[in-house]
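Asker: Below are the structure tokens for one structure; questions will follow.
None of the figures in this text is laboratory data; all of them are computed from the coordinates on show. Small disclaimer: the values here were computed from a predicted structure and weren't measured. Backbone-built Cβ (ideal geometry, glycine too); neighbour counts: all protein chains shown.
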Amino acid sequence: MAINTSDRQVAVLITAESKRQQEVLEMIPSENYTSQAVREAVGSVFINKYAEGQAKKRYYQGNSVVDELESLCKKRALELFQLDPDQWGVNVQALSGSPANLAVIAALLEPGERILSMYLPDGGHLSHGWQLPGKKVTLVAKIWDVTFYHVDKGTRVFDYDEIQKQAKEVKPKLLISGGTAYPREIDHKRMAGIAHSVGAYYLADVSHEAGLIAGGVNTSPFPYADVVMMTTHKTLRGPRGAMIFSKKELSSAIDQSVFPSIQGGPHEHTIAGIAVALGEAKTPAFSAYAKQVVKNAQILAGLFMKAGLDVVSGGTDKHLVLIDLRSSGASAWVVAWALEYANIVVNRNTVPFDNGTSVYPSGIRLGTPAITTRGMKEKEMKLIGGWITEIISSVKDIRLPENKEERAAFIIRMKKELPADKTIQRIAKEVTELTAKFPVPERY
Ligand code: DSN
């Protein structure tokens, strides 16, 4: 029975979310729109099957078709990144990026061994072992001994000589790069050199850049890294999932770390969706898409800088732009909500040397993967950049109170006042006029 008949409550919510995704400008850099084919695969009968183990080595009966599917997905993954199957293995079963990183770390390191990874406010990721002084926030930090490297104070990009020095002192067993809010390309050759000079493995987490690497617009880490982890739902435009590529000698340990060490049965319906997305990513149209994603982000970064905003690192090489709002006087919380009421969805984010918190940080992070999937280009970026700078300027004098009680009252007031603001209302209308001209694509 169709959901419209069997469960009206959920059906109504699906329709509402679909309308929201159509009407707004989705500019969270880790989000994208999957194709109809990907969604059909994820909603397919593969959802019904248990398939613990690897192809042809399953613990359950009835897996002959699943074996074909998973083998096809792995073949497509290796082909997309032009990897020799005699030298590289790939695991497509990890449920998403954080469990995938946990599986890699658990496969390569004994408990208590050292990790050197990117500091979260400098663009890193929680799953690389985030901890605060006196608080081991993540399981990785509880099990392993984690130290962070930082961006340079002046340039807010990595100084690889400093990372080399730190690696010599820390002597990690694993060096990790990659994250969520670093707008510049990582020098994978240099990072691998640093790792190998101290006897460490190099894990490149390219979750954000996967589609840009597949499309040939960002540098591939494969010639240098020992392990490459990527999620499949960001620039790669697949369903929510992950792939772990590893040098052949590490692959069996990583497979066993994913299952049975960390997970149970893999989500074969997701693997079906990943396989479809990998097929789509191999096309010339996808390479053109990846190029446009970066071009669009660079146009936006240029417009923001021209408007006097502090774009971290002075631009971007990728799909994302990070704005440090402190010099503008605006509060990231207020800006993020004002933009949402104007139908522009970004996220507030910590920035290098932030003196705020993760809930009330000093920056906003925005990206172009989803709006580029809708076909938006230079002309639309000019409009969008103009709207964003106008909103920032119009709310820059609204101060977020320091005091906790005052802040609670302020939030209630803002959620009434911002939607009623005339500038925000006008831009919200202009945004929906634009998005109506760029429907969310059903097929690419
Ligand atoms: N939450 C993702 C992001 O937004 O970058 C990373 O896990």
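Asker: GNM, the chain, Cα, under 10 Å: largest mean-square fluctuation among Arg413, Arg240, Arg20?
Answerer: Its mean-square fluctuation being the largest, the pick is Arg413.
Asker: Apply 1/(1 + (r/R0)^6) to the Cβ-Cβ distance of Ser18 and Thr147, taking R0 = 30 Å, and write down the FRET efficiency to the nearest 0.05.
Answerer: Step by step, r from the Cβ atoms, then E = 0.10.
Asker: Residue farthest toward the positive end of the dipole of the chain, with Cβ of Lys/Arg at +1 and Asp/Glu at -1: which of Thr270, Ser197, Tyr341?
Answerer: The listed residue farthest towards the positive side: Tyr341.
Asker: Averaging sequence separations of C-alpha pairs under 8 Å and six or more residues apart, then dividing by the length of segment 132-206, give the relative contact order as a whole percent.
Answerer: About 29 percent, as a whole number.
Asker: Separate question: With a 10 Å cut-off between alpha carbons and a GNM built on the chain, which of Gly314, Gly124, Gly273 moves the most?
Answerer: Gly314
Asker: Could you tell me what percent of the DSSP beta bridges with both partners in the chain are antiparallel, to the nearest 5?
Answerer: Within the chain, antiparallel bridges account for around 60 percent of the total.
Asker: Continuing with this model, one more query. Computed FRET efficiency, Cβ-Cβ of Lys57 and Lys135, R0 60 Å: what is it to the nearest 0.05?
Answerer: 0.90
Asker: In whole Hz, with x marking every Gly and Pro, tabulate ³J(HN,Hα) for segment 174-186 from phi via Karplus 6.51 cos²θ - 1.76 cosθ + 1.60, θ = phi - 60°.
Answerer: With coefficients 6.51, -1.76 and 1.60, one gets 9, 10, 10, 10, x, x, 10, 9, 9, x, 9, 5, 8 Hz.
Asker: With n ≥ 4 as the cut-off for DSSP H runs, can you work out [θ] at 222 nm for the chain, using -39500 (n - 2.57) per run divided by the number of residues, rounded to the nearest 500?
Answerer: The per-residue figure over the chain is -14000 deg cm²/dmol.
Asker: On a full-extension model of 0.36 nm per residue, what is the gain between Glu378 and Tyr160, subtracting their alpha-carbon distance, rounded to one decimal in nm?
Answerer: 75.1 nm
Asker: In segment 128-284, what percentage of the DSSP-assigned beta bridges are antiparallel, given to the nearest 5?
Answerer: Looking only at bridges with both residues in segment 128-284, the antiparallel portion is about 50 percent.
Asker: Okay, moving on. Pop the C-beta distance of Asn403 and Ala307 into the FRET formula with R0 = 25 Å and round what comes out to the nearest 0.05.
Answerer: Efficiency, rounded to the nearest 0.05: 0.20.
Asker: Now for a separate question. What's the whole-number percent of alpha carbon pairs in the chain lying beyond 32 angstrom?
Answerer: Of the Cα pairs, 41 percent sit more than 32 Å apart.
Asker: Label point 7 Å out from Val359 along Cα-to-Cβ: which residues of segment 392-413 have amide N under 16 Å?
Answerer: Residues 400-413 qualify, since their backbone N sits under 16 Å from the label point.
Asker: Next up: Could you work out which residue, out of Ala11, Ala103, Ala428, moves most in a Gaussian network model of the chain, that is, has the largest mean-square fluctuation with Cα springs under 10 Å?
Answerer: Of the options given, Ala11 has the highest mean-square fluctuation.
Asker: Return the long-range amide H neighbours of Asn218 (sequence gap of 5 or more, or a different chain), with a cut-off of under 5 Å between placed amide H atoms.
Answerer: When sequence neighbours closer than 5 places are left aside, the close amide H contacts are Ile213.
Asker: So for segment 79-238, averaging the separation of alpha carbon pairs under 8 Å that are six or more residues apart and normalising by length, what relative contact order in percent results?
Answerer: After rounding, I find 20 percent.
Asker: Where the centroid of each part is defined by its Cα atoms, how far is segment 43-92 from segment 188-249 in Å?
Answerer: With segment 43-92 and segment 188-249 each reduced to a Cα centre, they are spaced 20 Å.
Asker: Turning to a different aspect of this structure: To the nearest Å, what is the center-to-center distance of segment 271-315 and segment 398-416, using C-alpha atoms only?
Answerer: 35 Å
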